[in-house]
Ligand SMILES: C[S@@+](CC[C@H](N)C(=O)[O-])C[C@H]1O[C@@H](n2cnc3c(N)ncnc32)[C@H](O)[C@@H]1O
């Protein structure tokens, strides 16, 4: 999707504070007008959204305009404009590409956010970075450890039989929990190896690298592994948030992951064009194929070509999905194309694993 040029922002703290005040005043005022003109029901957690509710919100509080305003507020809190969550980038690109890829209304956006952000229109400065993280990694992405137990079992066995130095790539790595899991399996197998997690959202890669979710309260107070990460209102590219234990200053928590000695790299990139320095032995792609972000037949065909190009002979491509039933036909079509691309496929419960046939070349 083409994007509008986003210029880097240089702004003094004073100016940003005034800008934030103006943003809050404008949207509080528009919210008051909404409440005096639009009939209930208004958004509340769990409310089933109808066309009429969406229309009312769009009339008084258009989501595209709100996100555009929010993007300009969030930009100075990020190391580089490229770190803006994809949805905010799209809002800035609106005049170029129309409203494609934006939530249909503010309630649709709120339904993706953790309770602390849902239903709100105005913010304190310290909210902006966690809010950007929440938009980059919506709750529905569901990244967590232990999500694909059937794969773990399979991979333990596959790694045991492998005898080479391994390159593992996790496309669509979210906030990295699954990437840490596979790295721990490689470490357990005793094989040397490296693991790369790839997501188009730089903020997700940053959260994955630092094992911190500034937008979620993940910690159980009694669990020593779940230490709060230091609260930050903005980040720079070299930041690695220190893990403070002062609960008074944190605005996020580290998530627990299996530790491993295998090097892990998290990169902001796209499965459609990410370059590898050598062929991979294992490519994971969970929660992406056939879902909302990757579903048209042409793209899915291109993914097979990419995977064939990027996997070593006998390497494996593992996909899992936890999407609603509506996505099933697309995933089935994708799976059915495996043979044509020289892959032998085998189903696992809820996942599928494909092995690349040696010396396979692309069909004409
Ligand atoms: C539903 S989450 C899945 C997270 C994790 N793999 C899991 O299964 O728990 C989908 C992930 O794919 C990423 N994604 C979306 N489009 C992508 C693309 N074109 N290439 C790589 N990753 C993409 C999203 O940013 C998000 O991190």
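Here are a few things to note about the model shown:
- Candidate set: segment 122-157, residues that are more than 16 Å from the ligand (Cβ to nearest atom) and surrounded by fewer than 18 Cβ atoms within 10 Å (Cβ to Cβ); chosen: the one farthest from residue 82 (Cα to Cα): 157
- Within segment 270-286, the set of residues being within 17 Å of residue 154 (Cβ to Cβ) and near the ligand (Cβ under 7 Å from one of its atoms) comprises 286 only.
- Yes/no for residue 194 being more than 17 Å from the chain's Cα centre (by Cα), surrounded by fewer than 16 Cβ atoms within 10 Å (Cβ to Cβ) and either at pLDDT below 65 or more than 16 Å from the ligand (Cβ to nearest atom) (or both): no
- Leading residue by the ranking (farthest from residue 216 (Cα to Cα)) among those in segment 255-267 that are out of contact with any helix residue (DSSP H, G or I) (no Cβ under 6 Å at 6 or more places or on another chain) and part of a loop (DSSP other than H, G, I, E, B): 263
- Scan of segment 158-191 for residues that are assigned to a loop (DSSP other than H, G, I, E, B) and away from the ligand (no atom under 14 Å from the Cβ), ordered by number: 162, 163, 164, 165, 190, 191
- Members of segment 261-279 that are within 22 Å of the chain's Cα centre (by Cα) and within 21 Å of residue 190 (Cα to Cα): 263, 264, 265
- Pair list, Cβ < 6 Å and 6+ apart or interchain, from segment 148-169 residues that are in contact (Cβ under 8 Å) with a residue 12 or more places away in the chain to residues that are surrounded by fewer than 12 Cβ atoms within 10 Å (Cβ to Cβ): 150/349
- Within the span defined as segment 284-307, every residue fails to be over 22 Å from the mean Cα position of the chain (by Cα), surrounded by 21 or more Cβ atoms within 10 Å (Cβ to Cβ), assigned by TED's automatic domain parsing to the domain that holds residue 154 and within 25 Å of residue 185 (Cβ to Cβ).
- Being buried (at least 18 other Cβ atoms within 10 Å of the Cβ), within 16 Å of the ligand (Cβ to nearest atom) and closer than 28 Å to residue 212 by Cβ is a property that residue 319 has.
- Contact map, segment 279-294: residues that are farther than 21 Å from residue 355 by Cβ and in contact (Cβ under 8 Å) with a residue 12 or more places away in the chain paired with residues that are part of a strand (DSSP E or B) and within 8 Å of the ligand (Cβ to nearest atom), Cβ distance under 8 Å, separation 6+ or inter-chain. Pairs shown: 287/320.
- Residue in segment 345-359 that is modelled with the lowest pLDDT, counting only those that are crowded, with 16+ Cβ neighbours inside 10 Å and within 16 Å of residue 156 (Cβ to Cβ): 348
- Exclusive hit being away from the ligand (no atom under 15 Å from the Cβ), surrounded by 16 or more Cβ atoms within 10 Å (Cβ to Cβ), modelled with pLDDT under 90 and farther than 29 Å from residue 132 by Cα, set 342, 312, 254: 342
The values are calculated or read from the model by the stated rules, or taken from the named source; none is laboratory data. Treat the numbers as computed from the prediction; the structure is a model and nothing was measured. Glycine gets a Cβ as well: all are built from the backbone with ideal geometry, and neighbour counts include every protein chain shown.
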